[in-house]
Amino acid sequence: MSGRVLVVDDVATNRLLLRAKLSSAYYDVVVAENGTQALELARSEQPDMVMLDVMMPDIDGFEVCAVLKSKPETAHIPVIMVTALDTPEERIRGLEAGADDFLSKPFNDLALFARVRNLMRMKMMFDELRLRDMTSRELGLADLVSEPEVDIEAGGPILLAPPSDEQGMAWAAQLSDRLSVPVIVTHSEREALNLARLELPDCFVVHQTLDEGGDGLRLVSALRSRPETRQSAVILVVDNGDVQTAAKGLDLGASDYIEAPFDVSELIARIRSQLRRKRYSDRLRTNLRNGLKLAVIDPLTGIYNRRYASQHMNRVMERARETGGVYAVMMIDLDKFKSINDRFGHDAGDAVLREFSRRLQENIRGVDLVARFGGEEFFVAMPDVDQHAAAAAAERIRRAIEGAPVPLPGDGEVEVTVSIGVAIATAEDADAEAVIKRADRALYNSKQTGRNRVTFAQAA
């Protein structure tokens, strides 16, 4: 997972060391030697992450972090604070200033890259939500949600999965005294999953070792795989110095980790940070969902219509220009759809369109955009996808439709296939309609050469 990292340190040796480590993992690295320069570069370069030294001569890292998090143009950028003074007081102060994570000098490479990967994933998710929110606002359908407005203590409970009942009661008592959020203590991995479904917690605090032989890492993975808990914050508690378990937990989907034994003030600061992030993402999703229903959602299938897709394509193209990346556009058409309406009626045709939309959405990524262009013609935009990945995705979609008949209202079913045209575009492509037309010509070629197949624009 690549991305741009801004490294801020007043010591040249430290900058060179971090730059070498990150560059070896194919991250694009920008460096700043003081806080003033860091603020300027954060605004102009819009990095995907900032690694910020605490001790600097002009402005210390805490103040730089607070300024970054207070500005709308930089508030969404994750910040890792780097310090030689690895104390609970330093971490708490940084978290309260808005830092997303900490690294202690000297660096442990496993911890470094696990934290960077974790925050890059988070940044990509927020970028996608913000991108769609911006599209909605340009259409006049929503108001901007600003992070400082978020009330972190208005929502669901916190669920604790401790290593023992005694430890769980101690955690609950300390948190209840300091947070105005309900706290639930679970006794086992199975009970945690059942409570997660019933109580819908906003945050989980999970120890790596649970009662009854439970596995905290397995619980983290299960929480991330379930739709009802996929957006919840998960803080993994690991034994002091167990960097391998912490890194594995972050890769499995934990939002953060803390080493035990810990200062409860640090845990509370981390919970507040995660709740703030979750409330903000929830508001973005709600803002987007409510604003789009009236004007840009196709009422039959529940997916976006052409109006929204046209605006979103501009954002996809902007991202490609900023990153120098590529993206794919698909045009998809149901084969011989008119015959379905003629044979079974329009209610059956509507059922086929709804089922096709469902299968299509199940076979693409969350960051991809699906839209109905009209009739039986559908559109998919896939950012950061090259020809190889696009071919695999198109074939997956084609097989998902061909693989099982579509049930019809009342009795009966009908076999359905689709033809797909794909165009690969780069930062050099400046005309969204031209890219879509290339995919449309490829779709026509699929129709002309037998249907139920995928054709790329180069072959059209």
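Tabulated values for the structure
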quantity	calculated
Residue tally, condition modelled with pLDDT of 95 or more and either on the phi > 0 side of the Ramachandran plot or touching a Phe, Trp or Tyr at 6+ places or on another chain (Cβ under 8 Å) (or both), over region 196-218	1
Within region 1-23, considering residues that are among the aliphatic types (A, V, I, L, M) and assigned to a loop (DSSP other than H, G, I, E, B), the one modelled with the highest pLDDT	VAL11
Residue that is modelled with the lowest pLDDT [pool: residues in region 108-146 that are over 19 Å from the mean Cα position of the chain (by Cα) and closer than 21 Å to SER255 by Cβ]	ASN108
Strands (runs of 3 or more DSSP E) (entirely within region 347-460) containing at least 2 residues that are modelled with pLDDT under 95 and polar (S, T, N, Q)	none
Subset of region 24-56 [of a type outside the set (Ser, Thr, Tyr), more than 21 Å from THR87 (Cα to Cα) and in a loop (DSSP other than H, G, I, E, B)]	ALA25, GLU33, ASN34, GLN46, PRO47, ASP48
Qualifying residue in region 154-162 (condition: at pLDDT 90 or above, out of contact with any Gly (no Cβ under 8 Å at 6 or more places or on another chain) and in a loop (DSSP other than H, G, I, E, B))	yes
Qualifying positions in region 1-17 - within 22 Å of THR323 (Cα to Cα), free of Cβ contacts under 8 Å to residues at least 40 places away in the same chain and not small (Gly, Ala, Ser)	none
Residues within region 320-347 that are surrounded by 19 or more Cβ atoms within 10 Å (Cβ to Cβ) and either touching a Pro at 6+ places or on another chain (Cβ under 6 Å) or hydroxyl-bearing (Ser, Thr, Tyr) (or both), tallied	1
Check on ALA38, at pLDDT 90 or above, buried (at least 16 other Cβ atoms within 10 Å of the Cβ) and either more than 23 Å from the chain's Cα centre (by Cα) or not charged (D, E, K, R) (or both)	yes
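The values are calculated or read from the model by the stated rules, or taken from the named source; none is laboratory data. All values derive from a computational prediction rather than experimental measurement. Backbone-built Cβ (ideal geometry, glycine too); neighbour counts: all protein chains shown.
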